[in-house]
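Undergrad: I am attaching a structure below and will ask some questions about it afterwards.
Just so it is clear, none of the values below were taken in a lab; they were calculated from the coordinates. Computed from a prediction, not measured in an experiment: that's the story for all the values here. Because the Cβ atoms are built from the backbone with ideal geometry, glycine has one as well, and the counts that use them run over all protein chains shown.
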Amino acid sequence: MSTMIFVNLPVTDLDRSKAFYEALGWSINPLFTDENAACVVVSDEIYLMVLRRDYFQTFTTKQVADPATTAQALLAISQPSREAVADIAGKALAAGGSQAREPQDYGFMVQHAVQDPDGNVFEFMWMDPKAAEQGPEAYMAEGGQEG
């Protein structure tokens, strides 16, 4: 079995969150979904557990941050192409998300940061495979294009 990641996110409206993530093309695993939480399947290795805030609180003794006002994590999720970055960011905005910051184009990499309706930030990104293999500086030194 490969390593999987389960990112737990506090949300205020579970149904709204499920609809938002399904609009991105992700699915809900009903076996791990109830009135307190939903399991969002991003890929075979990446899952989001969206938890009602009061239920999320039962998993920690710390104060639960409000993602609308506090950044605790920025979740970067790669996409297969520049076009796919624009596509999923567009879906997120159309589904009730908002732009977290201006899209970035570094030539060898593009990023589009959006936030879900609760304020959790996702940075959809693509990097030229050659730049990922060599590192951005070596790629640029060999004549890679910067935006």
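Undergrad: For labels at Arg16 and Ala76 in the simple 7 Å Cα→Cβ model, what's the distance in nm?
TA: Label-label distance for Arg16 and Ala76, simple model: 2.9 nm.
Undergrad: Now for a different question. Using alpha-carbon positions, what is the distance between the centroids of region 84-98 and region 20-74, in Å?
TA: 18 Å
Undergrad: Apply 1/(1 + (r/R0)^6) to the Cβ-Cβ distance of Lys62 and Arg101, taking R0 = 30 Å, and write down the FRET efficiency to the nearest 0.05.
TA: Approximately 0.65, to the nearest 0.05.
Undergrad: With a/c under 1.5 counting as rounded, go ahead and sort region 1-59 into rounded, prolate or oblate using the C-alpha gyration tensor (a ≥ b ≥ c being the square roots of the eigenvalues; past the cut-off, prolate if a/b is larger than b/c, else oblate).
TA: Verdict is oblate for region 1-59.
Undergrad: Hey, got the dipole for the chain? About the Cα centre, +1 on K and R Cβ, -1 on D and E Cβ, debye to the nearest 20?
TA: 340 debye
Undergrad: Which of Ala86, Ala65, Ala23 moves the most in a Gaussian network model of the chain with Cα springs under 10 Å?
TA: Result: Ala65 has the largest fluctuation of those listed.
Undergrad: In addition: Roughly how tilted is helix 82-94, in degrees to the nearest 10 and between 0 and 90, from the longest Cα axis of the chain?
TA: Around 30 degrees separate the two axes.
Undergrad: Run the helix sum for the chain: -39,500 (n - 2.57) per DSSP H stretch of 4+ residues, divided by residue count, reported at 222 nm to the nearest 500 deg cm²/dmol.
TA: Mean residue ellipticity at 222 nm (helix-derived): -7500 deg cm²/dmol.
Undergrad: Put +1 on the Cβ of each Lys and Arg and -1 on the Cβ of each Asp and Glu in the chain; which of Asn36, Met125, Met4 then has its Cα farthest toward the positive end of the dipole?
TA: The listed residue farthest towards the positive side: Asn36.
Undergrad: While we're on this one: Which longest uninterrupted range of the chain lacks any GluC sites (Glu not before Pro) assigned by DSSP to a loop state (not H, G, I, E or B) and surrounded by at most 12 other Cβ atoms within 10 Å?
TA: Formally, the longest exposed-site-free interval is 46-141.
Undergrad: Could you check what % of the DSSP bridge pairs in the chain are antiparallel, to the nearest 5?
TA: Percent antiparallel among DSSP bridges in the chain is about 60.
Undergrad: Add +1 for every Lys or Arg and -1 for every Asp or Glu among the other residues with Cβ under 15 Å from the Cβ of Met125, and state the total.
TA: Cβ neighbours under 15 Å give a net charge of -4.
Undergrad: Antiparallel versus total DSSP beta bridges in region 68-147: what percent is that, nearest 5?
TA: Here the antiparallel bridges make up roughly 70 percent for region 68-147.
Undergrad: Then there's this: Quick one: net charge around Tyr139, please, counting Lys, Arg +1 and Asp, Glu -1 for every other residue with C-beta under 9 Å from its C-beta.
TA: -3
Undergrad: As I understand it, the value is the acute angle between the Cα axis of helix 14-23 and the longest principal axis of the Cα atoms of the chain; what does it come to in degrees, rounded to 10?
TA: Orientation of helix 14-23: about 30 degrees from the principal axis.
Undergrad: Across the chain, what fraction of all alpha-carbon pairs, as a whole percent, falls in each successive 10 Å bin from zero upward?
TA: It works out to 11, 37, 32, 16, 5, 0, in whole percents.
Undergrad: Using the Cβ atoms and a cut-off under 14 Å, what net charge is assigned to the surroundings of Ala38, where Lys and Arg are +1 and Asp and Glu are -1?
TA: Result for the local shell: -3.
Undergrad: Pull out the extension gain between Asn36 and Ser2, defined as 0.36 nm times the separation in residues minus the alpha carbon to alpha carbon distance; nm, one decimal.
TA: Once the chain is fully extended between Asn36 and Ser2, it gains 9.5 nm.
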